[in-house]
1. Name the single residue that is farthest from Ala102 (Cα to Cα) among those in segment 180-238 being open to solvent by 10 Å² or more (accessible area, probe 1.4 Å) and of a type in the set (Phe, Trp, Tyr).
2. From Val121, Val103, grab the single residue that is open to solvent by less than 10 Å² (accessible area, probe 1.4 Å), more than 26 Å from Asp24 (Cβ to Cβ), of a type in the set (Val, Ile, Thr) and at pLDDT 90 or above.
3. If you go through segment 166-179, how many residues are in a strand (DSSP E or B), open to solvent by less than 50 Å² (accessible area, probe 1.4 Å) and not hydroxyl-bearing (Ser, Thr, Tyr)?
4. Which pairs turn up if I take residues in segment 192-221 that are acidic (Asp, Glu) and look for partners that are in a strand (DSSP E or B) with beta carbon separation below 6 Å, at least 6 apart in sequence or on another chain?
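The values are calculated or read from the model by the stated rules, or taken from the named source; none is laboratory data. Only a predicted model underlies this, so the values are computations on that prediction, with no experimental measurement involved. Positions of Cβ are generated from backbone atoms using ideal geometry, with glycine treated the same way; all protein chains shown enter the neighbour counts. Accessible surface areas use protein heavy atoms only, side chains included; no ligands, DNA or RNA. Shrake-Rupley method; radii C 1.70, N 1.55, O 1.52, S 1.80 Å.
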Amino acid sequence: MSCPRCGGPVRAPDLMHTAWRCPDCGPVAPLHVAEHIGPEIVASTVERIVEQRDPADREARFPGARSGAPMPLWCLWPLPQGWTMTGVGWAGDDRGGVRATAVACTGPDPLGGGPADLVLVAEEPGVGLGTRLAGTTGVDPGPQLAEALTDPGPGSAERVAHAKIRAGGHPTPLWSVKSPTDRSAYAGEARGIWLYAITWPASAGYLLAEDVELHDLTEWTPPELVYGAPSPYLHGRV
């Protein structure tokens with residue numbers, strides 16, 4: 001487990017503190033990343049998310065815990081040619097529930113032809129995993145999205161989304177957010193929570209210009225899903 005905001009170590013709750021804590025970031029939802037990837041790992045992650053679908057049960061066990069719709073586990077599906085699923089993670093604990101999920105995929109760069117990586121993050125406000133992977137400041141993309149939506153830029157009458165994907169069958173606009181030059185980062189909203197798509201290298205962001213479909217694996221996990229070597233980026237190489 002690690003801190004979703006900085007990737008550092010976290011401390012478990014104790015007699016003095018009821019929440020997981022990062023020495024630098026304070027109380028956080030601890031990030032769990034599976035060392036390997038395969039059908040059984042995905043099934044275990046889905047089970048962790050789905051078991052918290054019953055708000056009444058969670059409220060009875062943990063008064064004040066998050067209730068409502070479960071956190072989606074977005075994955076490219078169908079996978080583009082040559083792409084594989086290469087990692088999965090989630091942030092949260094038994095008391096607060098799953099507050100963020102992450103899925104990594106790897107395949108050929110649509111422009112350069114070399115290897116490319118994509119990490120999809122779904123998270124509640126304040127978790128900070130998406131902004132860390134994107135290499136941006138703060139814990140949420142709200143300020144940058146507000147700027148993108150209000151400042152059309154030179155020669156534009158209105159701000160057009162930088163990427164238009166479909167998440168769960170619904171058109172979902174994504175907006176480019178500032179990030180280091182080694183990656184591209186896009187953010188938006190799907191099902192009432194933040195959605196991030198971060199690619200390495202930056203040129204791999206052109207993948208999102210194609211007809212990209214995101215599928216929630218908590219609803220159904222395709223048996224044809226292909227798995228690859230663990231993603232270095234989901235494991236902290238950011």
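1. Tyr206
2. Criteria check complete, one pass: Val103.
3. Going through segment 166-179 one residue at a time, the tally reaches 3.
4. Glu213/Arg166
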